[in-house]
Amino acid sequence: MFGYYVQLGVRSLKRNPWLTALMVMAIGFGVAASMITYSVFRAISGNPIPEKSERLRVPQLDNWGPEHARALGEPAEALTYTDAIALWKAHQARMQTIFYEVTLSVIPEHGGSSVPFNMSGYAATGDFFRMFDVPFLYGSGWNQSDDEGHADVAVIGRDLNERLFKGANSVGREINLRGHSYRIVGVTDHWDPKPRYFDLFSMFTVNGIGDASQIYVPFSKAIDLKLDTGGRNSCGGASSLNAGWDGWLRGECVWISMWVQLDTPAEVERYRQYLRNYAEQMQQSGRFQWAPNVRLRNVTEWLDYEKVVPPESRISLVVALGFFGICLINTIGLLLAKFMRRAPEIGVRRALGASRREVYLQFLIEASTVGLAGGLLGVLLTTIGMFGVGLIFEPQIAKLAHLDVSLVVLTIVVAVLATVLAAFYPTWKAAQVQPAWQLKSN
Amino acid sequence: MMPQIKPILSALRRHKAGAVLIALQTALTLAIVCNALFIIQQRVAHLSAPSGIDEPNLLVIENTWADKLSKEDADAQLRADLAVLRQIPGVHDAVVSNAYPMRGSGWDQFITLTPDQTTAVGDPAVYLGDEHFIDTLGVKLIAGRNFRPDEVRPIANRESTMPPVTIVTKALADKLFPDGSALGKQIYAMSSTPTTIIGIVDLLQTQSLANWQMRSAYQSLIWPMRIVGNSYYILRAQPGQLAAVRQAAVKALYAQNRMRIINDDGVLDYTQVRQAAYDSDYGMAMLMGIICVVLLAITAAGIVGLTSFWVGQRRKQIGVRRALGATRHDILSYFMTENLLITVGGVIFGVALAIAMNLWLVTHFEMDRLSLIYLLVGVLLLLLLGQGAALAPAVRASRVSPIEATRSV
């Protein structure tokens, strides 16, 4: 019976091709618009580290006071050098890392034809690699004694390792960064979480998406070498023109990101209390003239607070869904017209003994063939649309949107389900057809 | 036409579902089209905002030194670079700065009028440049004077120097001193040493174009400083010479000193800068445009489809009416009026929906309130669309021959 109904459906669709084409196109366009915007939205709103997003947290404290807060009542998005060092040295969390973005010139060993080039990465403390689950090809990160010993060690990324050492195991080799020599202790595999949740503060790039970082050096060494931040800094009410490097370190400008790992709610509470105590001490010492104002956001809360998903993406998703909704209403109307035009046929079928159930089944199947055709058109349009995504969203974001199997399946499933849903009312109307009435008027 | 409304309404009651569907579709289309048109207008206004600089002839080169240089060495290199750049045939002028207009992000600085004031009066973008800055960017000096060469000092990153003089934009001058007395006044950049305003320039766009910075749009100030370290060379070519200058400049810089880094994507003309800065505006306007067009087409097609169905359903009745003396025009106006009634119903609901959708956008995305013009345009557009879509089926209905009345089907 099922196959027969599919056949009937296809035949009925062929009977008025214009109406059918209209429905298929409405569904195709609607589902494609939704899928294109959804694929972008999905790419940038995903949880970049699901297994740890509850445990990794950002300590924030208000060092500018309520008068200078850039966001109403919210503490700064990063820490001053003073606070970062104090919180890091206190080791109150299971793991903690402080870091800032650096852009360094890589100076190739044998002058010759190769010219120096810039690479960006982080000056970080050793826990960085374990906290963010950085994958290693060779070697590993450095440990706390390297941090404390201001060691000349570095971790480089896979791409830089390709470029300098043709992909060979370079652990133990030297690398010259901005005129200073470091011993390579590790080579990371490709690692580029999107969005780059751990560094939403300093990144200049769009919505936490940029090229994968390729260089990591110890925080303490970077400070010794006076490596300036390659990222953002924010000074609130403080002057950004401080008295030299020392003044910069002592000043109230924030430029260092910090993350802690806290595995249980009790640990989180304890750390929050520690932060409050620290701010209270600062208040007592006279540095802060206001009550402690601290935050301890986890990864998802942090992504939300930093507004990683650009408004364009949300608005276009909402508009596209509205568009799909209109297409479906359109489809309801057209299906209604189409089904009701066949009232005499239904009357005959019912009179010959078909139950309402049979009528339901027949028309829902017919509708789902429309949905399927719409879905296939949708896949085609989505594929074409993917090339156009670059015209609509920033290139960095557009790069993330891609058509994969799951999206194709989703497109077809959504198209069929939505069409079947839209067909419920017309089908119900069709099943209500009174056989006697239809036969009489004939 | 008036007397026809009653029979139309009672006929509509016979096919409520179809009428409601068309009205609903009209309403939703109106809501989306109004807001989409409004978004397009806002984005286009945003991206066509002038920058105040001589965009067609400007080139930006990002330069970093490969070696770690002392401030003195770096400054010497910098001056040598500038001398080389200003010598290139076709170059009108060149300057080194910390940033360039519409860069996407940059330096903003809280400004107060007294040293002990705690809340900022202005939050302008900060440009560092020497006495060539104004001429290079093509900014117009409208009051006061330019920097003198002896006022310009080198500055390294994180260095403390509060320059004694500054040039501000008119927008900033008006913000700080609304009475127009800015020239010669002292301002404070969150420090105890004052800076005197010696010149006012007309338009100079800020570095960031994000919402927070746009609250201080065009509020910029220039400090007489040569930034050593990571910096941008800005070149102004003579008209028509930009391509040649682009070719020559990077080569000349490497010839001057090869221990530097200039990335391929570190050389930009203003077509590229603008594109990068307004990418999302451009894309948004385009997406909304596409959606509007497709949406209107689909809604029109839907109306054509349903009206045709009704016409088909009522051929016999039409025949009877014609046989009883109704003219073709009567039939035509019947279907047109029917469509008008449905569309008006939809439009009324749609206006409410459009306002609701706009309010949602206002609360969630810092959008502006929808202006009435867009509602009016949207309403008119949909009424016309409805009438246009109903026309073909209505004409077909009017051609139904009275003979149909005698046929059994």
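The values are calculated or read from the model by the stated rules, or taken from the named source; none is laboratory data. Here the structure is a predicted model, which means the values were calculated and not measured. Virtual Cβ from ideal backbone geometry, glycine too; neighbours counted across all protein chains shown.
Looking at B:Ser192, B:Ser280, just one residue is modelled with pLDDT under 85 and over 25 Å from B:Glu366 (Cα atoms), and that residue is B:Ser192.
Take B:Ala23 and tell me if it is within 14 Å of chain A (Cβ to nearest Cβ), touching a Leu at 6+ places or on another chain (Cβ under 8 Å), in a helix (DSSP H, G or I) and closer than 30 Å to B:Ala356 by Cβ.
The answer is no for B:Ala23.
Please find, among A:Glu67, A:Glu77, the residue that is within 30 Å of B:Thr119 (Cα to Cα), at pLDDT 85 or above and not in a helix (DSSP H, G or I).
After ruling out the rest, the residue left standing is A:Glu77.
Reported count of residues in segment A:319-348, each being more than 8 Å from chain B (Cβ to nearest Cβ) and free of Cβ contacts under 8 Å to residues at least 24 places away in the same chain, is 1.
What do you reckon, is B:Arg13 surrounded by fewer than 18 Cβ atoms within 10 Å (Cβ to Cβ) and either without any contact (Cβ under 8 Å) to a residue 60 or more places away in the chain or within 21 Å of B:Asp264 (Cα to Cα) (or both)? Criteria met by B:Arg13. Of all residues assigned to segment B:114-137, at least one qualifies as being surrounded by 16 or more Cβ atoms within 10 Å (Cβ to Cβ) and within 9 Å of another protein chain (Cβ to nearest Cβ). A count restricted to segment B:249-276 and to residues that are facing chain A (nearest Cβ under 7 Å) and either touching a residue at least 60 places away in the same chain (Cβ under 8 Å) or not charged (D, E, K, R) (or both) stands at 3.
Taking the criterion of being touching a residue at least 24 places away in the same chain (Cβ under 8 Å), surrounded by 19 or more Cβ atoms within 10 Å (Cβ to Cβ), not in a strand (DSSP E or B) and not assigned by TED's automatic domain parsing to the domain that holds B:Val126, would at least one residue in segment B:88-97 satisfy it? No. Only one entry of A:Ala422, A:Ala415, A:Ala431, A:Ala367 meets the criterion of being modelled with pLDDT of 85 or more and within 15 Å of A:Ala32 (Cα to Cα), and that entry is A:Ala415. Starting from residues that are among the small types (Gly, Ala, Ser), in contact (Cβ under 8 Å) with a residue 60 or more places away in the chain and more than 8 Å from chain A (Cβ to nearest Cβ), keep the ones in segment B:277-307 and report whichever is farthest from B:Ile61 (Cα to Cα). Filtering first and then ranking leaves B:Ala300.
Select from segment B:249-273 the residues that are buried (at least 17 other Cβ atoms within 10 Å of the Cβ) and not aliphatic (A, V, I, L, M) and write down the one among them that is nearest to A:Val106 (Cα to Cα). Result: B:Arg260. Checking each residue in segment B:300-328 for being within 20 Å of B:Ala19 (Cα to Cα), assigned to a helix (DSSP H, G or I) and of a type in the set (D, E, K, R) picks out only B:Arg315.
When you check B:Thr195 against the structure, is it within 14 Å of chain A (Cβ to nearest Cβ), within 17 Å of B:Ser97 (Cβ to Cβ) and part of a strand (DSSP E or B), yes or no? Spell out the reasoning first.
Working: within 14 Å of chain A (Cβ to nearest Cβ): yes; within 17 Å of B:Ser97 (Cβ to Cβ): no; part of a strand (DSSP E or B): yes.
When the stated conditions are applied, B:Thr195 does not pass them.
Among the criteria (1) among the charged types (D, E, K, R); (2) surrounded by 15 or more Cβ atoms within 10 Å (Cβ to Cβ); (3) within 14 Å of chain A (Cβ to nearest Cβ), the one B:Arg246 does not fulfil is (3).
Say whether the condition of being touching a residue at least 12 places away in the same chain (Cβ under 8 Å), acidic (Asp, Glu) and assigned to a strand (DSSP E or B) is met by at least one residue in segment B:51-61. No, because not a single residue in segment B:51-61 is touching a residue at least 12 places away in the same chain (Cβ under 8 Å), acidic (Asp, Glu) and assigned to a strand (DSSP E or B). Exactly one condition in (1) over 28 Å from the mean Cα position of the chain (by Cα); (2) outside any helix (DSSP H, G or I) is false for A:Leu400; which is it? Unmet condition: (1). Per the listing B:Thr343, B:Thr363, the residue uniquely at pLDDT 85 or above, out of contact with any helix residue (DSSP H, G or I) (no Cβ under 6 Å at 6 or more places or on another chain) and among the β-branched types (Val, Ile, Thr) is B:Thr363.
Of the residues that sit in segment B:226-243 and are small (Gly, Ala, Ser) and either touching a strand residue (DSSP E or B) at 6+ places or on another chain (Cβ under 7 Å) or away from chain A (no Cβ under 14 Å) (or both), which one is surrounded by the most Cβ atoms within 10 Å (Cβ to Cβ)?
Step by step, filter segment B:226-243, then rank; the result is B:Ala237.
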